[in-house]
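The structure under discussion appears below in the form of structure tokens.
The values are calculated or read from the model by the stated rules, or taken from the named source; none is laboratory data. Bear in mind the structure is a predicted one, so any value in this text is a computation, not a measurement. All Cβ positions, glycine included, derive from the backbone under ideal geometry; neighbour counts span all protein chains shown.
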Amino acid sequence: MLTKEQIAKRIAKEVEHGQYINLGIGIPTLVANYIPSHLDVVLQSENGLLGIGPFPKEADVDPDLINAGKQTISMLPGSAIFDSAQSFAMIRGGHVHLTILGAMEVSEHGDIANWKIPGKMVKGMGGAMDLVASAKHIIVAMQHCSKDGQSKLLPTCSLPLTGIRCVKKIVTDLAVLEIDPEGGFVLLERAPGITVEEIKAKTAGKLIVKGEIPEMTFD
Amino acid sequence: MILKTVKNAEEAVADISNGAMLMMGGFGLSGIPENCIAALLKKEVRDLTIVSNNAGVDDFGIGLFLQKRMVKKMISSYVGENDEFERQLLSGELEVELVPQGTLAERIRAGGAGIPAFFTPAGVGTEVAVGKEIREFNGKLYLMETALTADFALVKAWKGDTAGNLIFKGTARNFNPMMATAGKITIAEVEELVPLGSLDPNAIHTPGIYVQRIFQGEKYEKRIEQRTVTP
């Protein structure tokens, strides 16, 4: 099983040179730590910044400079700051190439639920609905099963949806999967030491297994 | 020039009364109008409808309004940092309209710009779409959202001049510029109020036409929610 850091590390391999990328809160934020330095990419923060840099040194902490997770950050040379309408104009307008976000559930058709558990948890959707409705490429970072062992990869989502038919790829602690346009989770890679049978048993939605499934590699 | 200065926060919010609809700038606790919040707390106005991306934390920002039960309805996109908010919402004491963040920003922008409604893909196929007009453009589905305006917009800027021209700093800009355009009365509090001619006209983010009252705030706490540092 992959740790959160390993999930982030694996997702970082999906990043391409020249991309503008929005990272969600949680595991997606960690992806920034593993993007190879030879790739030039720009990280977008939906609260109004292109060019997120590393966490600041203690002496440079600025309350007027935070990311969407409300963490203090720094800016890289060449950064740009803008208001929230502008921020979502660039998101909806398709200028952000890649969105990486977390999920509570994903369906075999690429639907995603990540903002509400009726009667229990209401945090709000934040920018997630705008992001999933517009990004060209959406990768979900999540645990394969809930804490009580229930599969989070389902035929249809049971929780209120964030977006429909939008997720392209999923990286979990057990596997890398892709959504088949006809419906189904196409198994691409296994986490080290995890068998296809185990992934099959822990995927409630339709799992598509074609040929040998390689183990993930980390550089 | 038309001068917009008022003495302080108390004077600026003096005519905000029970049942008012307010917009309040800020993302998390960054860029919130701390002085206006304090003045409204002192007045204890009630039954407010507040448009704000977040609802503060339990003991700072709009969270303080919730503690005093001053809020009837919140229109927000993310309220996850506030336990009291979640409690009042789940128990039905507080009315809440959750709006996708980009839709919220655009509804406010539209309100200030005289655009009554627009179509967005955000929320299609979700409960956000319930009761809304859906239309297809170029093979993709969109839903109609309507503009937002408010009786008062309370914004916070870094620098402002006596004509109400504003400059924001860092990611404390966020919702403030749009909200400034969408208030029937916009109240700007600034860290530094400067005389006419001190600000570079090329650098103005919010032109003074949108601002009716401006004052220099004091004792900004600028509380940090997540202090993350590189050792």
Checklist entry - In the range B:1-110, which strands (runs of 3 or more DSSP E) lie fully inside it and hold 1 or more residues that are away from chain A (no Cβ under 14 Å) and at pLDDT 95 or above? => result B:21-24, B:48-51, B:71-76
Item to check | Flag for residue A:43 being of a type in the set (A, V, I, L, M) and within 14 Å of another protein chain (Cβ to nearest Cβ) | outcome: yes
Checklist outcome for this item: Reported set for the range B:134-159 where residues are assigned to a strand (DSSP E or B), over 14 Å from the mean Cα position of the chain (by Cα) and in contact (Cβ under 8 Å) with a residue 12 or more places away in the chain is B:135, B:137, B:140, B:141, B:142, B:143, B:144, B:145, B:146, B:158, B:159
Checklist outcome for this item: All conditions in (1) within 14 Å of chain B (Cβ to nearest Cβ); (2) among the hydrophobic types (A, V, I, L, M, F, W, C); (3) in contact with a helix residue (DSSP H, G or I) (Cβ under 6 Å, 6 or more places away or on another chain) are true of residue A:132 except (3)
Next on the checklist: One residue is enough: does the range A:113-126 have a residue meeting the conditions of a type outside the set (Asp, Glu), surrounded by fewer than 22 Cβ atoms within 10 Å (Cβ to Cβ) and more than 11 Å from chain B (Cβ to nearest Cβ)?
Outcome noted: no
Checklist entry - Given A:198, A:189, which one is of a type outside the set (Gly, Ala, Ser) and closer than 20 Å to residue A:13 by Cα? => result A:189
Next on the checklist: Conditions first: (1) within 12 Å of chain A (Cβ to nearest Cβ); (2) of a type outside the set (Lys, Arg); (3) in contact (Cβ under 8 Å) with a residue 60 or more places away in the chain. Residue B:162 passes all but one, so which condition is the exception?
Outcome noted: (1)
Next on the checklist: Given the options B:217, B:197, name the one that is farther than 14 Å from residue B:156 by Cα and out of contact with any Gly (no Cβ under 8 Å at 6 or more places or on another chain).
Outcome noted: B:197
Item to check | Residue within the range A:142-151 that is under 14 Å from the mean Cα position of the chain (by Cα), within 18 Å of residue A:25 (Cα to Cα), assigned to a strand (DSSP E or B) and touching a residue at least 40 places away in the same chain (Cβ under 8 Å) present | outcome: no
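From the list A:90, A:129, A:125, pick out the single residue that is of a type in the set (A, V, I, L, M), within 28 Å of residue A:35 (Cα to Cα) and in a loop (DSSP other than H, G, I, E, B).
A:125
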Checklist entry - Are there any pairs with C-beta distances below 8 angstrom linking a residue in the range B:217-231 that is within 7 Å of another protein chain (Cβ to nearest Cβ) to a residue that is exposed (fewer than 14 other Cβ atoms within 10 Å of the Cβ) and at pLDDT 95 or above, with the two at least 6 apart or on different chains, and if so which? => result B:229/A:57; B:229/A:58; B:230/A:57
Checklist entry - How many of the residues in the range A:74-110 are of a type in the set (A, V, I, L, M), surrounded by fewer than 23 Cβ atoms within 10 Å (Cβ to Cβ), within 12 Å of another protein chain (Cβ to nearest Cβ) and within 21 Å of residue B:125 (Cβ to Cβ)? => result 0
